[in-house]
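Step one of this worksheet: look at the structure below.
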Amino acid sequence: MSSDGEEAFIDGLREQSMEKVMTIKVAINGYGTIGKRVADAVDAQDDMEIIGVTKTRPSFGCDLAVRKGYPLYCTYNDAEKIAAFEPAGYTCHGGLNDLLAIADVVVDCSPGKVGAANKEAYVKAGVKYIFQGGEKHAMAGMSYTSSANHTENMNAAGTRVVSCNTTGLSRTLVPLYEHCGSLKVECTMIRRAADPGDSKKGPINAIKPVLKVPSHHGPDVMTVKPEIDINSMAVAVPTTLMHCHSIVAFLPQGHGLTTESVLEMWRSNPRIIIMNGGETNITTTAEVMEYARDIGRKWGDLHEIFVWEDGVKLDGDTLYYFQAIHQESDVIPENVDAIRALMGTEADWKTSVAKTDAAISAYNGL
Ligand SMILES: NC(=O)c1ccc[n+]([C@@H]2O[C@H](COP(=O)([O-])OP(=O)(O)OC[C@H]3O[C@@H](n4cnc5c(N)ncnc54)[C@H](OP(=O)(O)O)[C@@H]3O)[C@@H](O)[C@H]2O)c1
């Protein structure tokens, strides 16, 4: 080989090994509603890759993983459970511990409240971990939303991406807090009864108040932005499409804001869509979801929080507004940003958000 050729070859190897170092190896433990979406969002990024997803048994969902080319692992380490995949026609690459052995970070998308047992396995394997909103802040030790506390999560061992409602509240309240320097909030969560794919939950013909007052949603915002003084109540209603929040925020005197400047502030922040219901005829969550499908979003998802422009009113120091939350998807890009925070690869939250969202838009073909 000529010395020029040799140099090019060595440069190539160097580039390959740099790429390897830079590519974060991500495992998904629990390939359900949230897990399958996080997997695709991670797969779309150029600085991370999916190295495996887990299923408890060879069931609905394994086919999707195979079609996407994600290596399948068993949620358990039990040889019998691992062996059950083969006769059903799936190649299982091993148990959870085998997957953890090759991962930099695991995104735990298991059903709520099984996290503590899983955490033990992650800590033992020395793998960073991200839990979801069904787990308690205290168990995970840290909580995360991109706009509130990306920096505090830099290089942490693990965190919890807060629930869809808490993520939604943070998106609009954190910029308000940052402008005002203090903020008191009362809100009501009008919650969908179940995810669209969930046939077991209700109510189907009732309005069900959450009798634990305040509900956990408001106080949960304080796990990512303790400075916001917030309380919430919640009711579940018979719909599967979205949650809707009715929010009243009390701004400090001298805030200097108007209804228009609040809208402008939200427009200049990522992952918030503002539309005028009267002008667009998008006046209900049904039309918001139709809009998401029209613009070609995978699964009909809407990662952004939807605010009705004509439902926002600042009256003196009191701000009133409604927002709609697509429960299965607003937390998805936040998981991608949380991976960068834990791995310490991007310190600026807005840069991470821009990178995440551009890659997701590309996979949506937009
Ligand atoms: N769905 C939402 O709208 C939403 C929104 C925000 C946050 N979250 C939170 O996200 C988390 C996941 O919720 P989800 O809606 O995605 O639930 P899901 O659809 O029921 O999916 C959970 C998955 O976890 C797997 N699993 C069961 N036991 C497990 C274990 N011990 N360890 C690891 N995986 C296990 C299940 O696998 P098999 O299918 O193989 O049995 C299932 O695929 C929860 O904390 C939830 O509160 C959900």
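In this structure, the amide hydrogen of MET142, modeled 1.01 Å from its nitrogen in the peptide plane, lies closer than 5 angstrom to those of ARG160, counting only residues at least 5 positions away or on a different chain.
Model label sites at THR91 and VAL213, defined 7 Å from Cα along the beta-carbon direction, differ in position by 5.8 nm.
The mean sequence distance of close C-alpha pairs (under 8 Å, at least 6 residues apart), as a share of the length of region 165-287, puts its relative contact order at 34 percent. For VAL114 and HIS179, the FRET efficiency from 1/(1 + (r/R0)^6), where r spans their Cβ atoms and R0 equals 51 Å, is about 0.80.
The Rg/Rh ratio of region 134-183, with both radii computed over alpha carbons and Rh defined as the Kirkwood radius, is 1.00. Just the protein heavy atoms count here, and of the accessible area of region 164-325 at 1.4 Å, carbon and sulfur take up 54 percent. In order along region 311-322, the phi-based Karplus estimate (6.51 cos²θ - 1.76 cosθ + 1.60, θ = phi - 60°) of 3J(HN,Hα) comes to x, 9, 8, 9, 10, x, 9, 10, 9, 10, 7, 10 Hz; Gly and Pro are listed as x. Surface calculation, 1.4 Å probe, protein heavy atoms: ARG171 sits at approximately 10 Å² accessible. Over the chain, the reciprocal of the mean inverse Cα-Cα separation, the Kirkwood hydrodynamic radius, stands at 21.7 Å.
Normalised per residue, the accessible area of region 164-325 is 45 Å², obtained with a 1.4 Å probe and no contribution from ligands, DNA or RNA. Computed 3J(HN,Hα) for region 74-80, one whole-Hz value per residue from the Karplus formula 6.51 cos²θ - 1.76 cosθ + 1.60 where θ = phi - 60°, is 8, 4, 10, 9, 4, 4, 5, glycine and proline marked x.
Can you give the helix-only mean residue ellipticity at 222 nm for the chain, where every DSSP H stretch with n ≥ 4 adds -39500 (n - 2.57) and the sum goes over all residues, rounded to the nearest 500 deg cm²/dmol?
Dividing the helical sum by the residues of the chain leaves -11000 deg cm²/dmol.
Note on the chain: GNM, Cα springs under 10 Å; of GLY95, GLY296, GLY35, the largest mean-square fluctuation is that of GLY296. Placing unit charges on each Cβ (+1 for Lys and Arg, -1 for Asp and Glu) gives the chain a dipole about its Cα centre, and among HIS303, SER59, ALA103 the Cα reaching farthest toward its positive end belongs to SER59. According to the Cα-based calculation, Rg over Rh for region 260-353 is 1.03, with Rh computed by the Kirkwood formula. Partner aspartates and glutamates whose Cα lies under 12 Å from the Cα of LYS136, excluding those fewer than 8 positions away in the same chain, are identified as ASP220.
Taking amide hydrogens as placed 1.01 Å from N in the peptide plane, the amide H of MET48 sits under 5 Å from those of ILE24, each at least 5 positions away in sequence or on another chain. Close amide H partners of THR239, meaning residues 5 or more places away or on another chain with modelled amide H under 5 Å apart, are ALA193, ALA194. In order along region 234-246, the phi-based Karplus estimate (6.51 cos²θ - 1.76 cosθ + 1.60, θ = phi - 60°) of 3J(HN,Hα) comes to 9, 9, 9, 10, x, 8, 10, 6, 8, 8, 10, 10, 10 Hz; Gly and Pro are listed as x. If you sort the three axes of the alpha carbon gyration tensor as a ≥ b ≥ c, you get a/c of 1.5 or more for region 164-325 and a/b no higher than b/c, which makes it oblate.
Just PHE60, PHE250, PHE306 to compare: in a GNM of the chain, with alpha carbon springs under 10 Å, which one fluctuates most? Maximum fluctuation in the GNM of the chain, among the listed residues, is at PHE60.
Its relative contact order, with pairs defined as Cα atoms under 8 Å and 6+ residues apart, puts region 220-366 at 25 percent. With the convex hull of the Cα atoms taken as the outline of region 298-366, the averaged projected area works out to 6.5 nm².
For the chain, the relative contact order comes to 16 percent (Cα pairs under 8 Å, sequence separation of at least 6).
The separation of region 273-291 from region 172-233, counted between C-alpha centres, amounts to 21 Å.
The values are calculated or read from the model by the stated rules, or taken from the named source; none is laboratory data. None of the values given here were measured: they were computed from a predicted structure. As a convention, Cβ positions derive from the backbone with ideal geometry for all residues, glycine included, and neighbour counts pool all protein chains shown. The protein model used for the area step is the full one, side chains on, heavy atoms only, and it has no ligands, DNA or RNA in it. Shrake-Rupley method; radii C 1.70, N 1.55, O 1.52, S 1.80 Å.
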